[in-house]
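Trainee: Below is one structure. I have some questions about it.
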Amino acid sequence: MSDILVFGKWSADGIVVTDMGLQRYVTVEPTIVPKTGARYAGNRFHKSKVFIVERLINKLMVPGHKGKKHFKTSFHMTGKANQAAMLLKDAFEVIEKKLKKNPIEVLVRAVENAAPREEIITIEYGGARYPRAVECAPQRRVDVALRQMTQGAYHRCFNSKISMVQALSDEIMAAYSLSSKSQAISKKLELERQSDASR
């Protein structure tokens, strides 16, 4: 039992990761300040011990690469942890208002739903390249799910009237309900479909 409330509002007690493969890699133990500050960046697998909300905040600060290019390099991407945390807090409030559920639990279920089970690698044999389906490692499954959710939200609010708070909350809720409106869910289904085809 933890008496720490996430953002001083929501309890993480009783939230269980139902996906057996992700149980050791999604941490639902909250911290008072969700900012480790890369203290354990060099330690292998340590990021799996970091609270899942903090991992999403880190992804919001640096949304990553898309097609070997930096995704979007202006507007919300300031690299400010406090700004990203407040953005996520506002998104959680929208989720709670719409779904009448604990937003931490909604996030955990969304990550479980959006985590791909298989992906494709390219192998070169005799000068020709072939796609090959491989199982996705559990820590990478969480990483990919968080990245796709973040990039989907940023892409939706870029050059549009939709705010980032609205885009992020919509993305999390769509992933929670397994809707293809979520970029994370649609990318997962596309990846698994390609993996099936290249067996």
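Trainee: Among all residue pairs at least 6 apart or on different chains, which show Cβ distances below 7 Å where the first residue, located in the stretch 80-109, is closer than 10 Å to Met173 by Cβ and the second is among the acidic types (Asp, Glu)?
Mentor: Pro103/Glu96
Trainee: OK, next. For the stretch 164-186, name all the residues that are assigned to a loop (DSSP other than H, G, I, E, B) and either touching an Asp or Glu at 6+ places or on another chain (Cβ under 9 Å) or under 16 Å from Leu99 (Cα atoms) (or both).
Mentor: Going through the stretch 164-186, the residues assigned to a loop (DSSP other than H, G, I, E, B) turn out to be 177-182.
Result: Ser177, Leu178, Ser179, Lys181, Ser182.
Trainee: Which one of Thr18, Thr27 is among the hydroxyl-bearing types (Ser, Thr, Tyr), in contact with a strand residue (DSSP E or B) (Cβ under 8 Å, 6 or more places away or on another chain), within 17 Å of Arg109 (Cβ to Cβ) and at pLDDT 85 or above? Can you show your working first?
Mentor: Numbers: Thr18 fails: in contact with a strand residue (DSSP E or B) (Cβ under 8 Å, 6 or more places away or on another chain).
Only one candidate passes the filter, namely Thr27.
Trainee: Cβ-Cβ below 7 Å, separation at least six or inter-chain, first residue in the stretch 13-28 and farther than 15 Å from Phe51 by Cβ, second outside any loop (DSSP other than H, G, I, E, B): which pairs?
Mentor: Every condition considered, the pairs that remain are Thr18/Glu112; Asp19/Glu112; Gly21/Pro138.
Trainee: Go through (1) more than 20 Å from Pro103 (Cα to Cα); (2) crowded, with 19+ Cβ neighbours inside 10 Å and name the single condition Leu146 misses.
Mentor: Result: Leu146 fails condition (1) only.
The values are calculated or read from the model by the stated rules, or taken from the named source; none is laboratory data. Just so you know, these numbers come straight off a predicted model, no measurement behind them. FYI the Cβ positions are ideal-geometry reconstructions off the backbone, even for glycines, and counts take in every protein chain you see.
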